[in-house]
Amino acid sequence: MKKQGKKILICLTATLTAVFFIAQVWAANLSFDPSDMVIRVGGMTDVDIIVSGLENDDLGTFDFNVNYDDTVLDFTGYTLGSGLGIVSSDGSGDAEDWSEGDLGGGRIHLSELSILDDLSSQPDAFTLATLSFTGSGFGISDLSFSESDPNLPILSDLWADPLSSALESGSVSVNAVPIPGALWLLGCGLISLAGIRRRVKE
């Protein structure tokens with residue numbers, strides 16, 4: 001009887017492990033592209049939000065926050081991709097933009113709903129949105145995803161069923177002076193000093 005109990009326990013553990021790994025493989029993935037970048041203070045950059053891993057699912061809606069450090073970056077706007085349909089300002093498009101945009105405190109809310117009844121031609125990976133930032137202060141700003149509402153799934157299919165999602169983080173580093181500029185200033189300073197020394201000697 002004890003041997004049978006051990007066998008059942010081993011089979012159950014193996015099954016749960018397999019289910020966990022299958023769920024990970026089938027999870028839709030949210031990531032930033034590029035995942036890490038360097039800009040200067042006053043410099044501008046665009047960051048794409050990519051969804052991938054949709055081989056077994058179609059994405060019908062998304063709703064999430066993007067978190068960033070607002071002492072390092074200024075958020076200047078967003079544009080939505082066309083993977084869920086074309087958003088139209090007059091409401092005649094294939095998708096609706098429910099985003100609130102900048103919420104303050106380093107949070108951006110993005111949300112879109114497809115009103116198409118067939119998403120079978122949707123790619124397995126595509127750009128959900130593009131965020132625009134300007135470097136405002138020296139430092140590193142982490143980029144991360146979070147739920148906008150605990151009652152709303154981050155990703156859902158065409159029938160509003162939640163999709164399992166894996167969330168990747170990113171970062172933007174802001175340099176006070178770009179390295180080539182710093183080297184140029186150093187070179188000019190050394191040349192100036194050499195010129196001053198020469199004049200003093202004469």
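The values are calculated or read from the model by the stated rules, or taken from the named source; none is laboratory data. Being a predicted model, the structure only gives us computed values, none of them experimental. All Cβ positions, glycine included, derive from the backbone under ideal geometry; neighbour counts span all protein chains shown.
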Top-ranked residue in segment 131-177 [being among the aliphatic types (A, V, I, L, M) and not in a loop (DSSP other than H, G, I, E, B); ranked as nearest to the chain's Cα centre (by Cα)]: Leu143
Leu54 vs. criteria buried (at least 17 other Cβ atoms within 10 Å of the Cβ) and in contact with an Asp or Glu (Cβ under 9 Å, 6 or more places away or on another chain): yes
Enumeration of residues in segment 25-46 that are farther than 15 Å from Phe126 by Cβ and in a strand (DSSP E or B): Asp36, Met37, Val38, Ile39, Arg40, Met44, Thr45, Asp46
Leading residue by the ranking (surrounded by the fewest Cβ atoms within 10 Å (Cβ to Cβ)) among those in segment 85-113 that are among the β-branched types (Val, Ile, Thr) and either in a strand (DSSP E or B) or modelled with pLDDT of 95 or more (or both): Val87
Options Leu128, Leu59, Leu116; residue that is assigned to a strand (DSSP E or B) and either surrounded by 13 or more Cβ atoms within 10 Å (Cβ to Cβ) or not aliphatic (A, V, I, L, M) (or both): Leu128
Any hit, segment 163-175, residues being closer than 20 Å to Val47 by Cα and at pLDDT below 95: yes
Residues (under 16 Å from Ser156 (Cα atoms) and part of a strand (DSSP E or B)) located in segment 62-84: Phe62, Asp63, Phe64, Asn65
Yes/no for Gly139 being touching a residue at least 12 places away in the same chain (Cβ under 8 Å) and at positive phi: yes
